[in-house]
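Take a look at this one; I'll ask things after.
The values are calculated or read from the model by the stated rules, or taken from the named source; none is laboratory data. Treat the numbers as computed from the prediction; the structure is a model and nothing was measured. Positions of Cβ are generated from backbone atoms using ideal geometry, with glycine treated the same way; all protein chains shown enter the neighbour counts. Heavy atoms of the whole protein, side chains included, go into the accessibility calculation; ligands, DNA and RNA do not. Shrake-Rupley method; radii C 1.70, N 1.55, O 1.52, S 1.80 Å.
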Amino acid sequence: MADGTKDTKSSNQMWGGRFASGPDAIMEEINASIGFDKKLFAQDIRGSIAHATMLAHQGIISVDDKDKIVHGLSTILSEIETGNFEFSRQLEDIHMNIEARLAALIGQAAGRLHTARSRNDQVALDFRLWVKEELQKTEAMLTTLIAAFLDRAEEHAESVMPGFTHLQTAQPVTFGHHCMAYVEMFGRDRSRVRHAIEHLDESPIGAAALAGTGYPIDRHMTAKALGFREPTRNSIDTVSDRDFAIEFLSIAAICGMHLSRLAEEIVIWSTPQFGFVRLSDAFSTGSSIMPQKKNPDAAELVRAKTGRINGSLIALLTIMKGLPLAYSKDMQEDKEQVFDAAESLELAIAAMTGMVRDMTVNTQRMKAAAGSGYSTATDLADWLVREAGLPFRDAHHVTGRAVALAESKGCDLAELPLADLQSINPAITDKVYEVLTVEASVASRKSFGGTAPSEVRKQIAFWRARN
Ligand code: ARG
């Protein structure tokens, strides 16, 4: 103020001791995080209850003050949960909003809660707890998606479809085998999630501002109370580390990429030209102008959400890359990236689970497509190696000529008369026709992890037991 006295009305209640005036409106706007970090209210309250309980146990605050604090925090929790809490931007963030309310509710004792901690370890704790819960949720959602694929794989262990490379017909496979490819991908995503939970399972609280504290705190006690395996081991690292958030985003980006590939396949498969699958009405939309259309919007949006998730990963990596140790306010920008990616990932997994469960598989269309495009050419070459003793390279050449002949006649390999095949190589007998059907081709691929229905069933059993 003009006379040099402190403007107590507008300087910050929590840290304004040395400030003569409150912040500029723009300062308040750029500084405040309450608009998004209010999502951390439950974690903040759990953390504070554990901290206060430990402080009393160690004789750092009185049991009476601890009781008041715990009671006040429980009241605040229900106020927020029932929508009866007024968040204030002047109070910057969730930590100070809750502490200010606690002071209003219980008076002086509230001021003892912040003993032996800083907002730096407090936010590290709240955010870690949030990310841990999100990872646990993701793990459960992936398990549900995997289960949906296992059911479809079982149902279609024998349904043949064309397998593609370069999106060109390659060799026949089964739809069950194709579904199991996604089980492998989402299974790896799930184990990445499990590893990430193990990695972050250390409690930051008690690192204080960056150097630890002189109060005789017990960090093992708070770690245990909050469900962490152990406390973190270096106070500087603790307040400057956001690896756990970046790891979540990396996992989300990889999983998003898998979901996006599946989304792309569903978009292709559901075109009238392919007609391999039909999406349920529940997971498609119509066109406002073309009445015949049924659009795979959910799949397209899953494909697009991946872009957002990738953006969040790059944003947080970039926010963190030049920061000196320990805490810098830049790190406040970590939360929106993670919240947005988490919401996108949850939606994408849920929508995909619904689509996979509901879609109708047109096995006739798949089978017809599997038989066209000379998809059993490799089987003819393998037969020549096995039955006529040709080296594979020669067999490949002979088969190429057979394909060219079939193409010129406008027929399939299996429709070429024996005399035509023998004109290319006299060692061919009528036994060859047994391997030229798609069913025979698929059934012959019994190598471990191959597409034969017997193998696919083994892999399904493996994953069912693994869940
Ligand atoms: N709102 C802050 C954040 O999200 C809390 C930590 C503030 N710490 C500080 N030293 N200003 O990072």
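In what order, largest first, do THR318, THR75, THR232 sit by accessible area if the probe radius is 1.4 Å?
Descending order: THR318, THR75, THR232.
Here is a further query. Could you give me the percent of Cα pairs per 5 Å distance bin for segment 113-197, shortest bin first, beginning at zero and ending with the bin that holds the maximum distance?
Per 5 Å bin, starting at zero, the Cα-Cα P(r) for segment 113-197 comes out as 3, 13, 15, 13, 12, 10, 9, 7, 5, 4, 4, 3, 2, 1 percent.
Please give every one of the aspartates and glutamates within straight-line cross-link reach of LYS446, meaning a C-alpha to C-alpha distance under 12 Å, and leave out same-chain neighbours fewer than 8 residues apart.
Counting by Cα, and skipping residues close in sequence, LYS446 has these aspartates and glutamates nearby: GLU455.
Cα centroid distance between segment 50-128 and segment 437-451, in Å?
64
Protein chains only, probe 1.4 Å: how do ASP297, ASP379 rank by accessible area, largest first?
ASP297, ASP379
Still on this structure: May I ask for the angle, rounded to the nearest 10°, between helix 41-57 and the longest principal axis of the chain, with both axes built from Cα atoms and the value confined to 0 to 90°?
Tilt relative to the chain: about 50 degrees.
Here is a follow-up. Calculate the dipole size of the chain relative to its Cα centre from +1 charges on Lys and Arg beta carbons and -1 charges on Asp and Glu beta carbons; express the result in debye to the nearest 20.
It comes to approximately 480 debye.
According to the square roots a ≥ b ≥ c of the eigenvalues of the Cα gyration tensor, what is the shape class of segment 1-135, taking rounded for a/c under 1.5, prolate for a/b larger than b/c otherwise, and oblate for the remainder?
oblate
Could I ask something else about it? If a/c stays under 1.5 just call it rounded; otherwise compare a/b with b/c (prolate if a/b is bigger, oblate if not). Do that for segment 156-199, with a ≥ b ≥ c from the square roots of the Cα gyration tensor eigenvalues.
Oblate shape, in that a/c is at least 1.5 and b/c is the bigger or equal ratio.
Moving to a separate point now. Using 7 Å Cα-to-Cβ label points, what is the ASN295/LEU325 separation (nm, one decimal)?
5.3
Right, another one. Heads up, I need the accessible area for THR285: 1.4 angstrom probe, whole protein in place, Å², nearest 10.
Its accessible surface works out to 60 Å², give or take rounding.
Separate question: With everything on Cα atoms, drop me the angle between helix 392-409 and the longest principal axis of the chain, reported from 0 to 90° to the nearest 10.
Approximately 70 degrees, to the nearest ten.
OK, next. Is the shape of the chain rounded, prolate or oblate, going by the alpha carbon gyration tensor and its root eigenvalues a ≥ b ≥ c, with a/c under 1.5 for rounded and a/b larger than b/c for prolate?
It is prolate, given that a/c is not under 1.5 and a/b is the larger ratio.
Still on this model: Would you tell me the accessible area of SER372, worked out with a 1.4 angstrom probe on the heavy atoms of the protein chains, in Å² to the nearest 10?
50
Would you calculate a helix-derived [θ] at 222 nm for the chain, using -39,500 (n - 2.57) for each DSSP H run of n ≥ 4 and dividing by the full residue count, to the nearest 500?
That comes out to -19500 deg cm²/dmol.
What order do GLU407, GLU202 take when sorted by accessible area (1.4 Å probe), most exposed first?
GLU407, GLU202
Please work out the average accessible area per residue across the chain, using the 1.4 Å probe convention, and give it in Å².
Heavy-atom accessible area per residue stands at 48 Å².
Farthest toward the dipole's positive end in the chain, which of MET161, ALA452, SER312, given Cβ charges of +1 (Lys, Arg) and -1 (Asp, Glu) about the Cα centre?
ALA452
If you don't mind, another one. Computing the accessible area with a 1.4 Å probe over protein heavy atoms, can you report the carbon and sulfur percentage for the chain?
Roughly 53 percent of what the probe reaches on the chain is carbon or sulfur.
On a 25 Å Cα-Cα criterion, which of the cross-link pairs LYS137/LYS321; LYS305/LYS329; LYS305/LYS367; LYS367/LYS431; LYS68/LYS335 come out too long?
Among LYS137/LYS321; LYS305/LYS329; LYS305/LYS367; LYS367/LYS431; LYS68/LYS335, the Cα-Cα distance tops 25 Å for LYS137/LYS321; LYS305/LYS329; LYS305/LYS367; LYS68/LYS335.
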